[in-house]
Amino acid sequence: MIRIIKQVIFLVFLITQGSLAWPATQGTRPIQEIRIGYVPILSQLPLVVSYEDLGISNRSVKIIMTRFGSFNGLEAAMRVQAIDFASLPVITVLKMKINGIDVKIVGQCSAGGSRLVTRNKGGLKDIRGLLIGVPDLESNENLLLSLVFSPMDMRLGIEYKTIGISLGTVIEDYTGNRIDSMFMPEPFGTIIENRKIGFMAEGQKDVLTGKFLTVLTINSSFLNKNKNIVSACLESIVKACGFIEKDIKDLKAKQVSILQKKYFDYDEDIIASSLENRKGEISFTKFLPEKKEINRFSEEAVKMKILTHSVNLDDLLSLEIMKQAMEKK
């Protein structure tokens with residue numbers, strides 16, 4: 001009963017703050033539809049917080065939210081246009097573009113939120129010889145490790161190794177000793193710390209954490225035909241980010257930790273602790289990905305033979321709608 005009351009209070013708060021969507025039209029039958037995919041990690045909270053208002057308060061659009069257990073599944077759905085919109089690792093989006101999948105990057109809704117966690121206390125150099133679990137071998141986490149460790153004379157595949165692991169099995173893989181360490185999105189690091197079976201590697205703050213990881217991606221055909229829906233979604237996401245930041249500051253992330261339960265199903269105390277303490281230097285204040293950051297990862301991906309060549313970013317970035325959404329927040 002207490003949880004239900006809290007959820008009602010949360011929804012009332014959203015309504016009193018003003019609708020995150022455009023005004024609903026009369027009638028009960030949705031006339032437009034958008035399919036949004038997400039994975040259960042904290043950097044994707046803006047998508048589900050936004051849906052709580054946009055999907056409930058607006059009757060002129062039908063929003064279908066689909067949860068995926070991995071970025072691989074999310075990518076596959078985007079490739080076959082089973083979903084229209086998602087937040088994906090930037091290298092995944094670049095590879096899709098190279099493969100002829102017509103998508104656009106329309107913004108970002110978070111930064112940071114991933115941490116390197118090890119079984120024993122130590123620094124980055126103590127990673128030598130370990131097998132590190134990452135969300136995917138094409139993930140920004142894997143590329144960040146290469147960018148940081150290469151200047152330390154620690155080469156991928158020689159001084160350390162990485163393996164892609166599913167979000168649904170990461171805790172089991174860690175506790176079952178199938179990986180020695182992990183560089184994964186929150187809340188997995190907090191879960192490990194809470195069980196007292198791991199430590200945050202020293203020296204990673206602002207080196208591995210707080211970095212640009214995923215981008216808001218949409219199928220180009222959907223964008224071209226439904227700019228009003230995309231505009232409403234981005235406005236909603238921007239305002240959802242503001243709500244999350246305010247909740248962290250004023251209420252120690254209590255409201256967001258309750259809301260995520262329906263979509264992510266993590267323990268509320270774990271989520272509140274992760275957000276309140278900014279684990280992985282997570283933030284929800286940046287909306288425009290920078291070309292230089294995308295190029296940095298692109299160049300490293302080419303070196304690692306994940307990408308065959310670079311991508312013309314002018315043909316990939318479509319940030320005007322996000323800029324307009326930011327002006328309305």
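Readers should treat all values here as calculations from the given coordinates under stated rules, not as data from a laboratory. Please read these numbers as outputs of a predicted model, since none were measured by experiment. Note that each Cβ is placed from the backbone with ideal geometry, even for glycine, and that neighbours are counted across all protein chains shown.
Some notes on this structure:
- Relative contact order for the chain: 26 percent, from Cα pairs under 8 Å spaced at least 6 residues apart, divided by residue count.
- Among complete DSSP H helices in the chain, those whose alpha-carbon atoms stretch at least 15 Å along the helix's long axis and whose mean Kyte-Doolittle hydropathy reaches 1.6 are 2-16.
- In a DSSP loop and with at most 16 other Cβ atoms within 10 Å, the trypsin sites (Lys or Arg not before Pro) in the stretch 147-197 are Arg155, Arg178, Arg195, Lys196.
- Calculated [222 nm] ellipticity per residue, helices only, for the chain: -12500 deg cm²/dmol; basis is -39500 (n - 2.57) per DSSP H run with n ≥ 4, divided by all residues, nearest 500.
- For the stretch 114-200, the C-alpha radius of gyration sits at 0.98 times the compact-globule guess of 2.2 N^0.38 Å, with N the residue count.
- Zone of Arg67's modelled label, taken as backbone nitrogen in the stretch 251-291 under 20 Å from a point 7 Å along Cα→Cβ: 254-275
- Evaluated at q = 0.14, 0.23, 0.27, 0.29 Å⁻¹, the base-10 log of the normalised Debye intensity for the stretch 261-320, with identical point scatterers placed on the Cα atoms, takes the values -0.69, -0.91, -1.08, -1.19.
- Size of electric dipole in the chain: Cβ of Lys, Arg +1 and of Asp, Glu -1, about Cα centre, debye, nearest 20: 380 debye
- Footprinting exposure proxy ranking of Ile34, Ile132, fewest other C-beta atoms within 10 angstrom first, gives Ile34, Ile132.
- Working from label points 7 Å from Cα in the Cα-to-Cβ sense, the Ser310 to Lys249 distance is 3.8 nm.
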